[in-house]
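Q: Before I ask anything, here is the structure I am working with.
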Amino acid sequence: MSKKLLTYLGFFLVLVLAFYYFLFKGNDMWKKKLSVISYVKPFHFTNQQGLPFSDRDMLGKVVVVEYFFTTCRGICPRMNTNMRAVYEQFKNEPDFMILSHTCNPETDSVPLLKKYADSLKVNNQKWVFVTGRKDSLYLLARTAYLLDDPKNSVQKIEDQFIHTQFFALVDKDGKVRGQIYDGLKQQEIQQLQKDIKALLAEKSATGNFVNGIFNNNPY
């Protein structure tokens, strides 16, 4: 093979590589993405301001999800100390939110959630606390966020109590991504923060929640 032909082939290869670089530059197609492990399902709860909060309010947001209760003296204060660090890092991001569900709705009324949120001195739009029907709250924890074993649903709802230290991460299209994060381990909190950054950098795939959860039609 002549030197001239090798030169032409090398030049052609450079052109091809440059073409693909500029084709995929600025989008996420070439990047390794966080795995999808579940999907948000439709829900309707009430937030700490007494206002309705549903799955539609998560649309276009990267959301960290947890379950806790206001009177907890065990793991919850430690979890929310770590969650507060996440909040402080991302509170100025317009597409970021934390969603805390009570696992004790019989006690955690709207005023009590408001008092708890106020004690943390957080933005009510950026860190949302919700309450609702216990069966709905627990079903979502088990079938959407994977924060509790679905097999526990066989018990009577009155006898059930979720007490979990784990966080879930939801992307702008309603997909639960990455992993289930241990809210008590600093190494996993650091990984959560890295993964939040990655999801904030991603563009929404459809502008609506995937898997038929969101579309352009009202309920």
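Q: Which condition number in (1) over 19 Å from Ile75 (Cβ atoms); (2) in contact (Cβ under 8 Å) with a residue 40 or more places away in the chain is the one that Ala141 fails?
A: Failed condition: (1).
Q: Out of Asp95, Asp57, Asp118, Asp108, I need the residue that is more than 23 Å from Gln165 (Cβ to Cβ), at pLDDT 95 or above, surrounded by 18 or more Cβ atoms within 10 Å (Cβ to Cβ) and among the acidic types (Asp, Glu). Which one?
A: Only one candidate passes the filter, namely Asp57.
Q: Does Lys151 satisfy being of a type outside the set (A, V, I, L, M), over 20 Å from Asp108 (Cα atoms) and out of contact with any Lys or Arg (no Cβ under 7 Å at 6 or more places or on another chain)?
A: yes
Q: Out of all the residues in segment 16-50, which are within 26 Å of the chain's Cα centre (by Cα), modelled with pLDDT of 50 or more and aliphatic (A, V, I, L, M)?
A: Passing the criteria: Leu34, Val36, Ile37, Val40.
Q: Select, from Thr70, Thr46, the only residue that is of a type in the set (S, T, N, Q), in a strand (DSSP E or B) and in contact with a helix residue (DSSP H, G or I) (Cβ under 9 Å, 6 or more places away or on another chain).
A: Only one candidate qualifies: Thr46.
The values are calculated or read from the model by the stated rules, or taken from the named source; none is laboratory data. Owing to the predicted nature of the structure, the values given are computational and were not obtained by experimental measurement. In this analysis, Cβ positions are derived from the backbone assuming ideal geometry, glycine residues included, and neighbour counts consider all displayed protein chains.
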